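Remarks on the structure that follows.
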Amino acid sequence: MQISVNIQKKSMLSNKSILQVELVFYKFLKREFPWLKNKEINLSLEFCSSLKIKKLNNQYRKKNKVTDVLSFPIFQTLRKNSAEIKHLPILDIGDVIICTDVAKKQAREFKITLEQENIHLLVHGFLHLLGFDHEKNQREDKIMFSLEEKLVKNIYKVLYLK
């Protein structure tokens, strides 16, 4: 298995962070999603303005407001094996779009670096691409945020960010 995070604006995350995110995502998928073991997995990451994310949020979610991160999964879920993905050697799992304006504001609010906030938002978006959805119900909310916390902690641990 191989995982790649393709980033539109490299300057928003350091190369060290990108490599660590890919490593943690790889270990997570290997452990939790064994049916993906022989796949090359790609996701796209883009950083944008408040104006653009508000337009996207309104267009795709009918919410006319700025948000911190949006995810656009290719598959409804990857949480279980399916015939849809069985014979695909390469899986493009979708796009994560992070609003730089909101990320900067939240980094200040949470007293963390912008790098940390971008990592956290990327992890959140990644879990949505896999089919996790905290808005579905309370049980899903607990599952997703527990996984999010573990993944972020594992990334921070190696990067010595927190």
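The values are calculated or read from the model by the stated rules, or taken from the named source; none is laboratory data. Everything numeric in this text was worked out from a predicted model, so none of it was measured. As a convention, Cβ positions derive from the backbone with ideal geometry for all residues, glycine included, and neighbour counts pool all protein chains shown.
Here are the numbers for the structure shown:
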quantity: Some residue of region 68-80 being within 18 Å of E46 (Cα to Cα), in a loop (DSSP other than H, G, I, E, B) and either modelled with pLDDT under 90 or among the hydrophobic types (A, V, I, L, M, F, W, C) (or both); calculated: yes
quantity: Pairs, first free of Cβ contacts under 8 Å to residues at least 12 places away in the same chain in region 44-62, second polar (S, T, N, Q), C-beta under 9 Å, six or more apart; calculated: N58/N64; R61/T67
quantity: Answer residue from region 1-51, given it is among the hydroxyl-bearing types (S, T, Y) and over 19 Å from H128 (Cα atoms) and is surrounded by the fewest Cβ atoms within 10 Å (Cβ to Cβ) among those; calculated: S11
quantity: Positions within region 105-126 being of a type in the set (A, V, I, L, M) and not in a loop (DSSP other than H, G, I, E, B), in sequence order; calculated: A107, L114, I119, L121, L122, V123
quantity: Residue match in region 130-138 (condition: surrounded by fewer than 16 Cβ atoms within 10 Å (Cβ to Cβ), assigned to a helix (DSSP H, G or I) and out of contact with any strand residue (DSSP E or B) (no Cβ under 8 Å at 6 or more places or on another chain)); calculated: yes
quantity: Checklist (1) over 13 Å from the mean Cα position of the chain (by Cα); (2) part of a helix (DSSP H, G or I); (3) within 18 Å of G94 (Cβ to Cβ); (4) not hydroxyl-bearing (S, T, Y) applied to I143, failing item; calculated: (3)
quantity: Selection from region 8-43 of residues that are without any contact (Cβ under 8 Å) to a residue 40 or more places away in the chain and in a strand (DSSP E or B); calculated: none
